[in-house]
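Working notes, beginning with the structure itself.
The values are calculated or read from the model by the stated rules, or taken from the named source; none is laboratory data. Bear in mind the structure is a predicted one, so any value in this text is a computation, not a measurement. A quick note on method: Cβ atoms are made from the backbone with ideal geometry, for glycine too, and the neighbour counts reach across all protein chains shown.
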Amino acid sequence: MKKSDFIFAVLRLPLDLFSIILGFSLAYLLRARVEIPQETVYMWPFPQYFKFVLIFLPFWAVIFALEGLYNIRRPKNGFGEISSVFLGASAGIMVMVVWIFFSRFLFFSRLIIVYAWLLTFVFVVFGRYLLRLLQKFLHKKKIGLHRVVIIGTGDLAKKLAETIKESPELGFELVKLLDRNSIEKLDKILANHKFEEVILAEPNLLEKEAVKILEFCEDKKLVFKMAPNTFRVRMSNVEVGTLAAHPLIEFKKTPLEGWGKVAKRVVDLIFSFLGLLVLSPLFLLVALCIKLDSKGPIFFKHKRVGNEGKAFYLYKFRSMVENAPKMYKKLAKKQDKHLFFAKIESDPRITRVGRILRATFIDELPQLFNVLKGEMSLVGPRPLTPEEFKRVSSFDKRYSRTSYIKPGMTGLWQVSGRTELSDWQRLYMDIYYVENWSLLSDFLIILKTPLAVLKNKGTY
């Protein structure tokens, strides 16, 4: 998903909450100030009333979410959105009415609830309409457009191309319209003309050719969409949508999309911040021990492949002598060949303090800084070096999918018996995690990690 689309999708939640607050505030004003002043009506002071409204805001957010109003991948539009807002606002008001009924205390004028129901519905719909107008305005200015390549020569491909050219407010920009003979040149075309999406609109394309395009998109981190019925769907992670009146099927890279990504990032931020805060005394003690034990820096940083294939530096407490990288090549020659970089048995480069840090996995804790910065996650695939990633991806192209998710401090294979697993088993567990991600699986892996560490089978 393009970052601009994601931002606009996420903005719907705070905008809705603001609209609800505005609706209730105006309802209070109408009842307290605009209606006949002589009418004797008991009214809460506004601060008390406002606090009452704020308490119920989370219920409104949950109700709207259940109505599908925060679906990032397939946002509701038109009458469907208006209907969902109406039902959501009605349900939110009903929750408040039921609470008022059972609370049995002197409440303010019930008429405020009627005003609030109508006003929140109007303001939420209007706010979302303004947000959509802003997005369309930016699209017309060619800001945040999805650069797309269409493959096909028939009427369907031509109609899609015309729709994109004539309607920039849809959020697409046509880079090229290609025929089936250009499939082999996609890599070269991408180098000369950057694009983010490929739409396959060729009904007569052979399945093996279509699969080749799909694999190209997976390898290059591109969105792949197709007109339905062009070939039998071979993956479960698909999303059905439309471009204007044209139905399209999008192949999802991973189930970690939309609010799942937001929730995962929120959990990462909270736990990494709290972890660094709680562990700061331990960090100071470890830093002192490292300095007293051997020469060199406290932290060791190493280049790894992160989300979307972007490189970052992974942090660890230094557990080896200062010139350890130079000694590696000589020591590695004596080891058996591995899919990943070989681990040196009885490694002479490890310091005395380093052996303790590695045995307890304390050397991995500085990766909390990577998590806080957004380069890593608490749970995810193994963070590979660029050389490892290139080697593994050349053996199995599916492994390139692991870069769709941020690498993790711990992961599925780390809690599944690290020492008993072969390199290939670890590889396929990472692929499985990416293709079958869920918040529940992350939660279970986090729970299992301390036990895995105690068994010396946990992190890496």
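Would it be correct to say that F102 is under 24 Å from F56 (Cβ atoms), in contact (Cβ under 8 Å) with a residue 12 or more places away in the chain and outside the structural domain of V223 (by TED's automatic domain parsing)? Steps first, please.
Details: under 24 Å from F56 (Cβ atoms): yes; in contact (Cβ under 8 Å) with a residue 12 or more places away in the chain: no; outside the structural domain of V223 (by TED's automatic domain parsing): yes.
Judged against the criteria, F102 is not a match.
Would you check if F24 is in a helix (DSSP H, G or I) and modelled with pLDDT of 80 or more? Don't jump to the end; show me each part of the working.
Numbers: in a helix (DSSP H, G or I): yes; modelled with pLDDT of 80 or more: yes.
Judged against the criteria, F24 is a match.
Can you tell me which residues in region 275-330 are closer than 20 Å to F369 by Cα and among the hydroxyl-bearing types (S, T, Y)?
S280, Y313, Y315, S319
So that you can scan it fast, the table gives a plain yes or no per residue for (1) in contact with a Leu (Cβ under 7 Å, 6 or more places away or on another chain); (2) outside the structural domain of G275 (by TED's automatic domain parsing); (3) of a type in the set (A, V, I, L, M):
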| position | (1), (2), (3) |
| --- | --- |
| N370 | yes, no, no |
| M376 | no, no, yes |
| V379 | no, no, yes |
| P383 | yes, no, no |
| P386 | no, no, no |
| S393 | no, no, no |
| I405 | yes, no, yes |
| G408 | yes, no, no |
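What helices (runs of 4 or more DSSP H) completely inside region 348-460 contain at least 1 residues that are at pLDDT below 80? Give the derivation first.
Working: elements: 352-360, 367-373, 386-395, 423-435, 439-454.
Those helices (runs of 4 or more DSSP H) span 386-395, 423-435, 439-454.
Can you name the residue in region 186-202 that is surrounded by 15 or more Cβ atoms within 10 Å (Cβ to Cβ) and of a type outside the set (A, V, I, L, M) and, of all such residues, is modelled with the lowest pLDDT? Walk me through how you get there before you give the answer.
If we filter region 186-202 for residues that are surrounded by 15 or more Cβ atoms within 10 Å (Cβ to Cβ), which is where we start, we get 186, 189-190, 195-202.
Restricting the remaining residues to those that are of a type outside the set (A, V, I, L, M) gives 195-197, 202.
Numbers: F195: 89, E196: 86, E197: 88, E202: 81.
Applying the filter and picking the extreme gives E202.
Kindly indicate whether G152 is in contact with an Asp or Glu (Cβ under 6 Å, 6 or more places away or on another chain) and surrounded by 16 or more Cβ atoms within 10 Å (Cβ to Cβ).
Values: in contact with an Asp or Glu (Cβ under 6 Å, 6 or more places away or on another chain): yes; surrounded by 16 or more Cβ atoms within 10 Å (Cβ to Cβ): yes.
Answer is yes for this residue.
Which residue, of E184, E169, is in a helix (DSSP H, G or I), under 30 Å from P75 (Cα atoms) and acidic (D, E)?
On the way: E184 fails: under 30 Å from P75 (Cα atoms).
Only one candidate qualifies: E169.
Output the residue which, of all residues in region 57-92 that are at pLDDT 85 or above and among the β-branched types (V, I, T), is farthest from V262 (Cα to Cα).
I82
Condition test on S280, is it modelled with pLDDT of 90 or more, farther than 20 Å from K406 by Cβ and not charged (D, E, K, R)? Steps first, answer last, please.
Numbers: modelled with pLDDT of 90 or more: yes; farther than 20 Å from K406 by Cβ: yes; not charged (D, E, K, R): yes.
For S280, the condition - modelled with pLDDT of 90 or more, farther than 20 Å from K406 by Cβ and not charged (D, E, K, R) - is met.
Residue by residue, here is whether (1) of a type in the set (F, W, Y); (2) buried (at least 23 other Cβ atoms within 10 Å of the Cβ) holds:
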position: V371; (1), (2): no, yes
position: V379; (1), (2): no, yes
position: R401; (1), (2): no, no
position: Y428; (1), (2): yes, no
position: Y432; (1), (2): yes, no
position: P450; (1), (2): no, no
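Restricting to region 260-318, name every residue that is of a type in the set (D, E) and surrounded by 14 or more Cβ atoms within 10 Å (Cβ to Cβ). Step through it out loud before you land on a result.
Pass one, region 260-318, residues of a type in the set (D, E): 268, 293, 308.
D268, D293, listed by residue number.
Would you tally the residues in region 138-165 being part of a helix (DSSP H, G or I) and either of a type in the set (K, R) or over 24 Å from N204 (Cβ atoms) (or both)?
The initial filter retains those residues of region 138-165 that are part of a helix (DSSP H, G or I), namely 138-140, 155-165.
Now narrow it down to the ones that are either of a type in the set (K, R) or over 24 Å from N204 (Cβ atoms) (or both): 138-140, 158-159, 165.
Final tally of qualifying residues: 6.
Output the residues belonging to region 93-123 that are part of a helix (DSSP H, G or I), modelled with pLDDT under 90 and small (G, A, S).
Once the filter is applied, which keeps residues that are part of a helix (DSSP H, G or I), modelled with pLDDT under 90 and small (G, A, S), region 93-123 yields only S103.
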